[in-house]
Amino acid sequence: MESNRRSFLKIGGICALGLGALPVTKALARKAVPQVSEFPEALKANQWAMVVDMKKCWEKAEEDCKDCILACHQYHNVPDIGTLKEEIKWIWQESYHDTFHDQATQFNIENIEHNPIMVLCNHCTSPPCVRVCPTKATFKDKKSGIVKMDYHRCIGCRFCMAGCPYGARSFNFRDPIPYIKTELNMEYPARERGVVEKCSFCTERLARGLFPACVEACRHGALTFGDITDPNSSVRKVLAENYSIKRKPELGTGPNVYYII
Amino acid sequence: MLERALTGSQQYYRLLMGLLILMGMGFAAYLYQLNTGLTVTGLSRDVSWGFYIAQFTFLVGVAASAVMVVLPYYLHNVKVFGRITILGEFLAVASVTMCLLFIIVDLGKPMRLLNVILYPSPNSILFWDMIVLNGYLFLNIVIGWNVLEAERKGTAAPSWLKPLIYVSIPWAISIHTVTAFLYAGLPGRHLWLHSILAARFLASAFASGPALLILLAFVLKKYTKFDAGKEAIDKLSQVVLYGMLVSIFFLGLEFFTAFYSNIPSHQHGLKYLFVGLDGHGKLVPFMWLFALLALAAVVLLINPNTRKQEKTLKIACLCVFFAMWIEKGLGLVIGGFIPNPFEQVREYLPTVPELIITIGIWATGFFVLTILYKIAVSVKEEVE
Ligand code: SF4
Ligand code: SF4
């Protein structure tokens, strides 16, 4: 601790000398910053993926079940702004018709047109949001395949919102903190005004060996989570047994959220 | 040379004062936005870019159009443009200034702006846009200033300037191409996802920019001793005409592809803009105004009689400018977000603070332009 503080002061002093000292700071910083080591219980995958079994959701759950949404939004301190214009959402419901407008047939079995579909960020294999971000505040983690965000780097240009063809991103138009209506979770940072946010596939929970909050919260097993590259994973098993679809596969983004309808 | 900006007629001061007041109002509105967040704008989760980015896009075009006087003069030796290249270059400087300001006011975290440089991301078109825009600003300041300086001294422009001038020509094309790429490469935004978008941007720029230049030349003629010359104006008006015709043609191509292929997602954006979608059509009156203005402009410009008459030419240029401003500064950017990725229509209209900030930035641009033109005109008056 003490030595950390000393080197911190040292770096601070050098910084005060001006930008000319940047290379020195860098050299020192390289020594001073400890390597991040992973928790032994961390869950690992090459590409995390989710299978959303809407059949189970529709058949087994009560009509107004929103367990997954509540769990996610509570865990991540997602504010409830209360307007369509500025709402912030990580996982939410859209109708089958609106979600799959490109593949919905007119006369569907049992008239599922208006049934809800759970939608969230697809953690795309080649994500356009990452491609367009001018600061790498949105980036694809090569180790886990998760599309992550750095809220401290984002400049709020909202290019990623234009780039995402799934409407998965929300922008903090105002200070979100007064609008956090659930109990504050001290383990996850609240965001500031002016940055973009979206589903993180619960990266920080995976690091502690926990499944995503939504997956854990669903009482009907409608959400399956696992490594899509591993043929023996739970997701691959579910996919092998059921016919599934993805949102807008024709765009080449390679979504990693699958739907069983 | 800068001192020439400090002395001027009563009218000059009054103009500057007026612009300063507008700038002050814009700045105050911006402070309000900075303190409250972009919630004060009409922007939403679905229409996440609006008026600011649309103005930016339009003004990149105006800036790029300087090439329409520089290129004929330097590459084809069109002598009549000699007197007005400086006007084109200084117009570019003012326009790019506005572009940069519009980007800044659109950011959620403007204080982190430097992150674009600290974490350079060549995969992002915005990164390249930053480079080409700043480069273009730099080129035009250096070129304009040195050419003017040489003119004042009665010498030839320094020889190192020539390569820069030649570079500035493709550079002008690049700024609008790169700006079009901001839009034209996004999957799932069908109104933008056309390879013709960059060409369309350039064509409309070559209509709106020179149209503004003609209007500015008339203003200068009225209030100063500077006369661009009949021939230069006539040549420019031809550029405007062709720019306009090509723009309309390109727009027609988009309509053909969307409606003959009959692919719904390709039609939605255009339908929303011109007839409304699912009962929503806030932009419809504007788009028809665009069509009307464009038609009027073409009629006035195609007929040599009306094109050569100062009065009708002015009207035609105003029509072109506002038509293109609506088409690009309103329709194209906003229309691209409607319908949203769930094919729901969520509309957008700018709010009052948004408009005040926008006016403030336009005033800033005209403030810069007034000062630069004042310097240029004083030098030219002195030489003559
Ligand atoms: S769904 Fe959207 S936000 Fe998520 S990775 Fe894909 S493009 Fe990015
Ligand atoms: S809003 Fe933030 S995350 Fe999105 S593109 Fe801009 S800097 Fe990147």
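The values are calculated or read from the model by the stated rules, or taken from the named source; none is laboratory data. Since we're looking at a predicted model, the values are computed, not measured. For neighbour counting, all protein chains shown are included, and Cβ atoms are generated from backbone atoms with ideal geometry for every residue, glycine included. Note: accessible area is taken over every heavy atom of the protein model, side chains too, but ligands, DNA and RNA are not part of it. Shrake-Rupley method; radii C 1.70, N 1.55, O 1.52, S 1.80 Å.
Quick notes
- Between A:158, A:153, A:193, the distinction of being within 16 Å of ligand 2 (Cβ to nearest atom), open to solvent by 60 Å² or more (accessible area, probe 1.4 Å) and more than 30 Å from residue A:244 (Cβ to Cβ) belongs to A:193 only.
- Some residue of segment A:139-162 being at pLDDT 95 or above, within 14 Å of ligand 1 (Cβ to nearest atom), closer than 24 Å to residue A:71 by Cβ and touching a Cys at 6+ places or on another chain (Cβ under 8 Å): yes
- Lone qualifier among B:182, B:100, B:148, B:87 - being assigned to a helix (DSSP H, G or I), more than 16 Å from ligand 2 (Cβ to nearest atom) and at pLDDT 95 or above: B:100
- Those residues of segment A:181-211 which are touching a strand residue (DSSP E or B) at 6+ places or on another chain (Cβ under 7 Å) and within 8 Å of chain B (Cβ to nearest Cβ), in sequence order: A:196
- Considered as a group, the residues in segment B:52-81 that are in contact with a helix residue (DSSP H, G or I) (Cβ under 9 Å, 6 or more places away or on another chain) and without any contact (Cβ under 8 Å) to a residue 24 or more places away in the chain include one that is most open to solvent (accessible area, probe 1.4 Å), and that residue is B:79.
- Within the set B:116, B:167, the sole residue that is in contact (Cβ under 8 Å) with a residue 12 or more places away in the chain and within 14 Å of chain A (Cβ to nearest Cβ) turns out to be B:116.
- Test result for residue A:166, of a type in the set (Ser, Thr, Tyr) and open to solvent by less than 10 Å² (accessible area, probe 1.4 Å): yes
- Every residue from segment B:47-84 that is under 15 Å from the mean Cα position of the chain (by Cα) and either on the phi > 0 side of the Ramachandran plot or not in a helix (DSSP H, G or I) (or both): B:65, B:66
- Some residue of segment B:223-235 being under 21 Å from residue B:296 (Cα atoms), open to solvent by 60 Å² or more (accessible area, probe 1.4 Å) and touching a residue at least 40 places away in the same chain (Cβ under 8 Å): yes
- The residue list A:130, A:119 contains one member that is open to solvent by less than 40 Å² (accessible area, probe 1.4 Å), within 26 Å of residue B:113 (Cβ to Cβ), within 14 Å of ligand 1 (Cβ to nearest atom) and in contact with a strand residue (DSSP E or B) (Cβ under 8 Å, 6 or more places away or on another chain), which is A:130.
- Looking across segment A:77-91, the residues that are open to solvent by less than 30 Å² (accessible area, probe 1.4 Å) and out of contact with any Pro (no Cβ under 9 Å at 6 or more places or on another chain) come down to A:86, A:89, A:90, A:91.
- Checked against (1) in a helix (DSSP H, G or I); (2) within 20 Å of residue B:58 (Cα to Cα), residue B:142 passes all but a single condition, namely (2).
- Scanning segment A:196-210 for residues that are assigned to a loop (DSSP other than H, G, I, E, B) and either open to solvent by 50 Å² or more (accessible area, probe 1.4 Å) or more than 12 Å from ligand 2 (Cβ to nearest atom) (or both) turns up A:199, A:200, A:201, A:202, A:208, A:209, A:210.
- Taken over segment B:90-147, the criterion of being under 14 Å from residue A:133 (Cβ atoms) and either within 16 Å of ligand 1 (Cβ to nearest atom) or open to solvent by 30 Å² or more (accessible area, probe 1.4 Å) (or both) is satisfied by B:112, B:118, B:119, B:120, B:121, B:122, B:123, B:124, B:125, B:126, B:128, B:130.
- Checking residue B:166 against (1) surrounded by fewer than 19 Cβ atoms within 10 Å (Cβ to Cβ); (2) in contact with a Ser or Thr (Cβ under 8 Å, 6 or more places away or on another chain), the condition it does not meet: (2)
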